[in-house]
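Every number here is computed from the coordinates shown, using simple stated rules; none is lab data. Values in this document were obtained by computation on a predicted structure and should not be read as measured data. Note that we place each Cβ from the backbone using ideal geometry, even for glycine, and neighbour counts take in every protein chain shown.
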Amino acid sequence: MELTTIAKPYANAIFDIAEQNKSHSDWKGVLEAGAQLVGDATMQAFITSPGATRANKSEAMTTLFKSILGRALNTNEINFVVLLLDNGRVNALPSILALFDAMTNLSSDAKAFHVTSAYKLSAKEVKQIVSDLSDKYNTTVSIDTEIDDSLIGGVVIKEGDKVIDLSTKARVDELGSCLSIN
C-alpha cells in the first residue's frame, strides 16, 4: 500500500484536532520531528528491531520528540506516536507531514510565515512569535524558520510580499542612512 494512502486518515485526524484547538504549529512541529526521526538509519533499525519492546520504542520516541521539540508531548501527541508504533506506520510520518501541510495551506483562515533569525530560535521563542502573529492577524499561523547570521540579531518575518524586518542589521542600516544624509 502506498504511504500517501496510509497517511491520509492520520493527517485528516490530526488536522481535525489542530482545527479544534488551534494547535497547527504544535502538530507541524511534531510531524517535522517525526519525519526527521524516521529519516535516521539508527532510529529505523531500533523501530524495526524485534528485540525492543513496544514500551521501549514508545519511551524512546517520546524522549527523542521532547529533545527535538524542546518540550514534552501532550496527551494527544503521545497517543498519536503510540498509535503509529502499534500499527507499524511510523514510516508514514513524512507523508503525514506533507498531507497535513497541504491541508493547512488550503485552510482559508491559516497564514504561513517565513521567519529568518540570526540564531536558532528556541521552542519558546517560536511559540511566542506564532502567538503574536496569531493575535495580530486573528488567524491560525504556521511558521518555518531559517538562520541568517548576517542579521546580527532580531528576526525578519515574511508572508508573501509582506515583510516585518525587526533585525539589528535593518536598524543599523537605517541609522547609517540617517547619518549619511546629514
- Just the projected area, averaged over all directions, of the convex hull on the alpha carbon atoms of segment 1-102: how many nm²? 6.1 nm²
- Per-residue Cβ contact counts at 10 Å, fewest first, order His114, His24 as His114, His24
- Highest-MSF residue in the chain out of Lys28, Lys169, Lys111 [GNM, Cα springs under 10 Å]: Lys169
- Note on the structure: If one builds a Gaussian network model of the chain from Cα atoms under 10 Å apart, the most fluctuating residue listed among Gly51, Gly29, Gly88 is Gly51
- Query: For the chain, what D do you get in µm² per second when you plug the Kirkwood radius from alpha-carbon pairs into Stokes-Einstein at 25 °C and 0.890 mPa s?
  - Reply: 135 µm²/s
- Ranked on Cβ counts within 10 Å of their own Cβ, fewest leading, Met61, Met43 go Met43, Met61
- Task: Provide Arg54, Arg89, Arg171 in ascending order of the number of other Cβ atoms located within 10 Å of each residue's Cβ, fewest first.
- Result: Arg54, Arg171, Arg89
- Could you check what % of the DSSP bridge pairs in the chain are antiparallel, to the nearest 5? 50 percent
- Task: Go ahead and set up a Gaussian network model of the chain, Cα springs under 10 Å, then flag whichever of Ala112, Ala55, Ala92 fluctuates most.
- Result: Ala55
- Query: How big is segment 110-181 in terms of Cα radius of gyration and Dmax, in angstroms?
  - Reply: 13.4, 42
- Query: With respect to the cross-link table entries Lys127/Lys158; Lys22/Lys169; Lys22/Lys158, which display a Cα-Cα separation exceeding 26 Å?
  - Reply: Lys22/Lys169
- Task: Averaging sequence separations of C-alpha pairs under 8 Å and six or more residues apart, then dividing by the length of the chain, give the relative contact order as a whole percent.
- Result: 23 percent
- Angle in degrees between helix 54-69 and the longest Cα principal axis of the chain, rounded to the nearest 10: 0 degrees
